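Let me begin by presenting the structure, written as structure tokens, before commenting on it.
The values are calculated or read from the model by the stated rules, or taken from the named source; none is laboratory data. If you're wondering where the values come from, they're calculated on a predicted model, not measured in any experiment. Cβ placement follows ideal geometry from the backbone for every residue including glycine, while neighbour counts extend to all protein chains displayed. Surface areas here come from the heavy atoms of the whole protein model, side chains and all, with no ligands, DNA or RNA. Shrake-Rupley method; radii C 1.70, N 1.55, O 1.52, S 1.80 Å.
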Amino acid sequence: MSSTPLLPVLLSTMILLSAVSTTTTALTQDFCVANLPLGADTPSGYQCRPAATVTAADFYSGALARPGILIRPFNTSLASAFVQQYPAVNGLGISASRVDILPGGVVPLHTHPAGSELLYVLDGALVAGFISSSDNKVYYKEVSKGGMFVFPQGLLHFQYNTGDTTAVAFAAYSSSNPGLQILDYALFANNLPTSYVVKGTFLAEAEVRRLKSKFGGSG
């Protein structure tokens, strides 16, 4: 009998097993509460705490029970429940955050390099959108209370409040540590010489210096 028909099945199985092994440790053990003091995050997560030291309290978090710290330039509060704040999600491929966007506030262009995001609007209304990497097309929509919007992994995305009350939204991520890079800080909170930023952004030198001062950059 020819083995050729089995080849696609074998290849698919190998790819699936490879994907599972690199995205989560939850399939090889019940849980892996992060032992944060013992090192940095790695592609496979943090080292596990000994199971004997884990209690029910480790699986609970109140990190999103109230608004986070207000980021004044954007009039938005952010609270996170990533692995650093919620060690029990280590290795599970999930995490969450909460944003409270004041009227006129914005979650500026940013990216999560290691995870996709599913946004759920709990209260108020906001515009949510992302920019594709292939043709810079913008996909955006007003999302009201009870609505959801998804942001694919690694793409620049944003939200802004369209109402006259605070918009509250919760986000779930496909990673315990999706990462966060905000475009404004990447451009203007760095130590890259102003002349280089001017060349790369086509902004006037005075504007670059003003923004570097606003966001804490140097150079």
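Some notes on this structure:
- When Ser44 is tested against (1) open to solvent by less than 60 Å² (accessible area, probe 1.4 Å); (2) over 17 Å from the mean Cα position of the chain (by Cα); (3) not assigned by the TED database to the domain that holds Asn161, only condition (1) is not met.
- Selection count where residues are more than 22 Å from Arg72 (Cα to Cα) and acidic (Asp, Glu), scope the stretch 189-219: 1
- Scanning the stretch 116-130 for any residue that is of a type outside the set (A, V, I, L, M), farther than 17 Å from Gln153 by Cβ and touching a residue at least 60 places away in the same chain (Cβ under 8 Å) turns up nothing.
- Restricting attention to the stretch 136-159 and to residues that are basic (Lys, Arg) and without any contact (Cβ under 8 Å) to a residue 24 or more places away in the chain, the residue that is most open to solvent (accessible area, probe 1.4 Å) turns out to be Lys141.
- Residue count for the stretch 50-65, restricted to those that are touching a helix residue (DSSP H, G or I) at 6+ places or on another chain (Cβ under 9 Å) and either open to solvent by less than 60 Å² (accessible area, probe 1.4 Å) or polar (S, T, N, Q) (or both): 3
- Checking each residue in the stretch 116-149 for being closer than 15 Å to Arg98 by Cα and assigned to a strand (DSSP E or B) picks out Glu117, Leu118, Leu119, Tyr120, Val121, Leu122, Asp123, Ala125, Leu126, Ala128, Met148, Phe149.
- Lys214 open to solvent by 20 Å² or more (accessible area, probe 1.4 Å), free of Cβ contacts under 8 Å to residues at least 12 places away in the same chain and not in a strand (DSSP E or B): no
- Of all residues in the stretch 160-175, at least one satisfies being touching a Pro at 6+ places or on another chain (Cβ under 7 Å) and open to solvent by less than 20 Å² (accessible area, probe 1.4 Å).
- In the stretch 97-114, the qualifying residues are those that are aliphatic (A, V, I, L, M) and open to solvent by 30 Å² or more (accessible area, probe 1.4 Å), and the one that is farthest from Val127 (Cα to Cα) is Ala114.
- Of all positions in the stretch 66-86, at least one carries a residue that is open to solvent by 40 Å² or more (accessible area, probe 1.4 Å), among the charged types (D, E, K, R) and part of a helix (DSSP H, G or I).
- Leu126 being aliphatic (A, V, I, L, M) and open to solvent by 40 Å² or more (accessible area, probe 1.4 Å): no
- Among the residues of the stretch 180-204, those identified as within 19 Å of Val106 (Cα to Cα) and either of a type in the set (Phe, Trp, Tyr) or outside any helix (DSSP H, G or I) (or both) are Leu180, Gln181, Ile182, Tyr185, Phe188, Ala189.
- For the stretch 159-171, the criterion of being more than 21 Å from Ile71 (Cα to Cα) and at pLDDT 95 or above is satisfied by no residue at all.
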